[in-house]
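Here's the structure we're looking at; comments come further down.
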Amino acid sequence: MSSETIESDEIDIESVLGSSVERREDPSLITGEAEYTDDIQRPDMAHMAVLRSQYGHAEIGDIDTSEAEEMDGVIGVYTAADLDVPGEVPTGWLLPDLNTPSHQLLATDRARYQGDGIAVVVAEERYLAQDAADAIDVDYNRLDAVTDPKEAVAEDAPALHEWSEDPTDTEDDEEIEVVPPNQAFDWEIGNADETDEAFENAAHTVEVDLENQRLIPNPMEPRATMAEYEPGTEELEIRMTSQNPHLHRQLMAGVLDVPEHKIHVVAPDVGGGFGNKIAHYPDEALVSWCAKETGRPVKWTATRSESYLTGTHGRDHVTNAELAMDEEGTITGMRVETYASMGAYLSTFAPAIPTYLYGTLLSGQYDIPAIHCHVIGTFTNSAPTDAYRGAGRPEALYVVERLATLGAREMDMDPAEFRRQNFIPEDGFPHQTPVAVSYDSGDYEPALDKALDMVDYDDLRDRQEELRDEGRYLGIGFSSYIEACGLAPSELAGQLGAQAGLWESGLVRIHPSGTVTAFCGTSGHGQGHETTYAQIVSDELGIPYDDIEIVEGDTDEIPQGMGTYGSRSAAVGGSALATSSQKVVEKAKKIAAHLMEAGEEDIEFENGEFSVAGAPERSMSIQEIAQQAYLAHDMPKGMEPGLEETSFYDPDNFVFPFGTHVAVVEVDPETGEIEFKNYAAVDDVGPQINPKIVEGQVHGGVAQGVGQALYEGAEYDDNGNLMTGSMQDYTVPKAEHIPEMETDSTVTPSPHNPLGVKGVGEAGTIAAPQAVVNAVTDALQPFGVDHIDMPLSSEAVWQAVNDSATADGGENGGDN
Ligand code: MCN
């Protein structure tokens, strides 16, 4: 990528789009001037702490709050019985026959995961609030727990929820299906019969059992909220770590029964989210309730351990996957069955993640005629799961790309050539997959070829052979991934169960002096929107980049919004701003024609100048037009003064970025240690607004994907105790753990948005895990190791080598 950063005063309007302009948000972030939620102070501010269940599953008996209430400085102690809120924590995505359990802001009779809130304390000081919460005495009756997604629906599994309706399907008189109590949903996509037939007729099949382990998101800033209630105006102002302030406002209005227009949500600077700050949690609503109840501004900031316990987790799938092929290794079918943990309750978007964001991506980059995917969502005594960078798509591509590698092995084919043979051809777009989605555009071979060049593939295979002779094990792993982002066409989202539209709003206002403020309903929290959005608006309006200000994350300033997740901001938010800018230019053109006494059709617009065709000396700048639009002394008849426009942009389709990542590792079979030798990432995200930002997103995404492949994994014990409850037990990779990576790109525009852009925010996370696992198992081929579940710790690798040696009587590992 051509991504040397350039300073903003070095760019001109012709090249502003596509330049690596320095991120304008960084100076305040790196000099400590940024204001995070926890930095906010109010003179009479109180602090909230939450007493959380210490057990994974327990009945709650008496709760004795007397000692806490008597402590000096305690303002109030509240349990579920004190809360007069009408609403429960809502589920924002409904599937057919979804079992939606009651989820109160505080647990009433039962705690269902370690960390479930039981009481809150409001006190003068933060640590006093926590001490008082610790002084609350709860009479627990411990219950058996279940934490494995598949075991949760076993006959003898302890049930988490009591359903008000008998969960027995009696519609069909012949067959009475008893739904296991811990089953959230039973969902399928694709064609089961056609897929079964493909397997019956297959010349070759491969099968793998795999786990996509539970992950804990680690944004630098934990979740935090500061709420203030104004009794005079009855307004509630909530400053919180949000990826989607308007959505939080809407949901909170229902939960707290406060009119939506009386709630003002602001996301100050937010230190990363990775999906963790999308959901509506009980905590933010509790802070808001406490502010109203006590009449004091109230703040709550999660500790890191509290984040680990109660923030939404990601992944947690147990899967069986199979691939069918003909004699030549052409894929003819794929069959997948997955058990996906929802945790103890349904988080806001949880039901969508292992279904519509997973099953629909199982075709990968391949032309597969028949696919069937069956997913059983289950309740377990663990933190609720929800979106975590990639959300459903890393799980899908892990399945696809593990199968592709195993398929190539079965066929004794080179894994790159196996992929190439099965790619959807360049002229095959738009491509309708058998799992509902239609890919917008793609051209997969050039990305693969670039990646092969970057790692010197042919030489590398020779080198692999040479090293094996020396008893060293080099492995090369491929991941030719696809992803669906730019969420999403509202009509389609509605058909699939979304309880919200997924359009985006953008307001572009040119001020009388010619500078611009542009407002967007997305809410960046590290992605660089202030920079890239200003590039888009500058390009559209022909106004210098430095004269453009971007505003996000404030429900009072921005008309409406759906927020930032699903790598949607560039494709949907950026398109809303581009559309509004185009509307501004249209209006300005009419004014220009009027003022220059020319027909509108004769007015040309380029780089911020309106001129009369054939008479370039007759021209006016867009800034001059803005001034005239506000003076309004001489406007076209009937036209309103001012120069600002709003759009609600609703995309026609998802966008489907893709690419090939190749990991090269060396594995020591005696210690199980893995060393990166190379990592090449070729990503196609359509035209790049800012190549440096794109590169940064790929780096960050790959870091998280490598984290999943090698280091991270949330572990609960059999009682539902989180064993990886802090950074001491949960390995978040550090710089030294991340490979040096080389990035490059191809550019295939999407036909579905005015900028042609596809998202990049999750690409690396979706691509990396299977590149690494495929590389490690490639290295271990002499030992017959075909699969190891993530994270590939040294112990897991060592164990796999030893198990395989035991299984074949020591024949494997022949080279050393
Ligand atoms: N971009 C670009 N050219 C493109 C596509 C995108 O220059 N063709 C730029 C965008 O303008 C934006 C950035 O790349 O500045 C990411 O854009 P996009 O792919 O639209 O993703 P979003 O902005 O919607 O961000 C969401 C995405 C997700 S889903 C997660 S999770 C994630 C991620 O972004 N969390 C992040 N990246 C993160 N980066 C940081 N620093 N912190 C997080 O929490």
Exercise. Okay, helix-only estimate at 222 nm for the chain: each DSSP H run of n ≥ 4 adds -39500 (n - 2.57), divide by all residues, round to 500 deg cm²/dmol; what do you get?
Worked result: -8000 deg cm²/dmol
For this session: Give the relative contact order (percent, whole number) for the stretch 89-142; include only Cα pairs under 8 Å separated by 6+ residues.
Result: 20 percent
Exercise. Is any residue of the stretch 106-120 close enough, with backbone N under 19 Å, to a label point placed 7 angstrom from the Cα of residue 84 along the Cα-Cβ axis, and if so, which?
Worked result: 106, 120
Seminar exercise, completed: Output for the stretch 535-640: GluC sites (Glu not before Pro) sitting in coil per DSSP, at most 12 other Cβ within 10 Å, listed by number, reads 597
Seminar exercise, completed: Carbon plus sulfur, as percent of the 1.4 Å-probe accessible area of the chain, comes to 43 percent
Problem set entry | Cβ-based charge dipole, the stretch 460-520, positive-most Cα from 507, 478, 464 | 507
For this session: Compute the signed sum of charges (Lys and Arg +1, Asp and Glu -1) over the other residues within less than 11 Å, Cβ to Cβ, of residue 796.
Result: -3
Exercise. What ranking of 265, 179 comes out by heavy-atom accessible area, probe 1.4 Å, highest first?
Worked result: 179, 265
Problem set entry | 1.4 Å probe accessible area per residue over the chain, in Å² | 38 Å²
Exercise. Roughly how large, in nm² to one decimal, is the mean projection of the convex hull of the alpha-carbon atoms in the chain?
Worked result: 38.6 nm²
For this session: Could you work out the relative contact order of the chain, using alpha carbon pairs under 8 angstrom and six or more residues apart, expressed as a whole percent?
Result: 16 percent
Exercise. If we count every other residue with Cβ under 9 angstrom of residue 489's Cβ, Lys/Arg +1 and Asp/Glu -1, where does the sum land?
Worked result: -3
Problem set entry | Loop GluC sites (Glu not before Pro), the stretch 724-816 (other Cβ atoms within 10 Å of the site Cβ: 14 or fewer; DSSP) | 740, 811
Problem set entry | Volume of the Cα convex hull of the stretch 206-333, divided per residue and given in Å³ | 146 Å³
For this session: Enter the accessible area of residue 431 (Å², nearest 10), with the probe set to 1.4 Å and all protein chains included.
Result: 20 Å²
Problem set entry | Share, in percent, of DSSP beta bridges within the stretch 467-585 that are antiparallel, nearest 5 | 55 percent
Problem set entry | Surface accessible to a 1.4 Å probe, residue 462 within the full protein complex, Å² | 90 Å²
Problem set entry | Computed label-point distance, nm, for sites residue 204 and residue 727 using a 7 Å Cα→Cβ extension | 4.6 nm
Exercise. Which of the pairs 450/734; 589/637; 450/677; 692/758; 262/292 have their Cα atoms more than 22 Å apart in this structure?
Worked result: 450/734
Problem set entry | Mean separation of Cα contacts under 8 Å (6+ apart) over length of the stretch 566-619, as relative contact order % | 19 percent
Exercise. What does the charge dipole of the stretch 259-398 about its Cα centre add up to, to the nearest 20 debye, if the Cβ of each Lys and Arg holds +1 and the Cβ of each Asp and Glu holds -1?
Worked result: 840 debye
For this session: Could you list the GluC sites (Glu not before Pro) in the stretch 220-329 that lie in coil according to DSSP, counting only those with at most 12 other Cβ atoms within 10 Å of their Cβ?
Result: 234, 327, 328
Exercise. Once phi is turned into ³J(HN,Hα) by the Karplus curve 6.51 cos²θ - 1.76 cosθ + 1.60 with θ = phi - 60°, what whole-Hz value does each residue of the stretch 325-336 show in order, with x for glycine and proline?
Worked result: 9, 8, 4, 8, x, 7, 6, 10, x, 9, 10, 9
Problem set entry | Paramagnetic label zone (point 7 Å from Cα along Cα-to-C-beta, residue 601; backbone N under 16 Å) in the stretch 615-645 | none
Exercise. Just for the stretch 193-265, what percent of DSSP beta bridges are antiparallel, to the closest 5?
Worked result: 65 percent
Problem set entry | For the chain, with +1 on Lys and Arg beta carbons and -1 on Asp and Glu, the positive-most of 615, 391, 268 along the dipole | 615
Exercise. So between residue 197 and residue 613, what do we pick up on full extension, going 0.36 nm a residue minus the alpha carbon distance?
Worked result: 143.3 nm
Seminar exercise, completed: With +1 on the Cβ of every Lys and Arg and -1 on the Cβ of every Asp and Glu, the dipole magnitude of the chain about its Cα centre, in debye rounded to the nearest 20, is 1900 debye
Exercise. Roughly how big is the stretch 1-139's charge dipole about its Cα centre, with Cβ charges of +1 (Lys, Arg) and -1 (Asp, Glu), in debye to the nearest 20?
Worked result: 580 debye
For this session: Name the residue farthest towards the positive end of the dipole of the chain from the options 345, 424, 258, assuming +1 on Cβ of Lys and Arg, -1 on Cβ of Asp and Glu, about the Cα centre.
Result: 258
Exercise. Net charge near residue 773, counting Lys/Arg +1 and Asp/Glu -1 over other residues with Cβ under 12 Å of its Cβ?
Worked result: -4
For this session: For 790, 741, write out the residues from largest to smallest accessible area, computed with a 1.4 angstrom probe and no ligands counted.
Result: 741, 790
For this session: For residue 230 and residue 29, compute 0.36 nm times the residue count separating them, minus their Cα-Cα distance, and round to one decimal in nm.
Result: 69.3 nm
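The values are calculated or read from the model by the stated rules, or taken from the named source; none is laboratory data. The model shown is predicted, which means the values in this text are computed figures rather than measured ones. Positions of Cβ are generated from backbone atoms using ideal geometry, with glycine treated the same way; all protein chains shown enter the neighbour counts. What goes into the accessible areas is simple: the full protein's heavy atoms, side chains included, and nothing from ligands, DNA or RNA. Shrake-Rupley method; radii C 1.70, N 1.55, O 1.52, S 1.80 Å.
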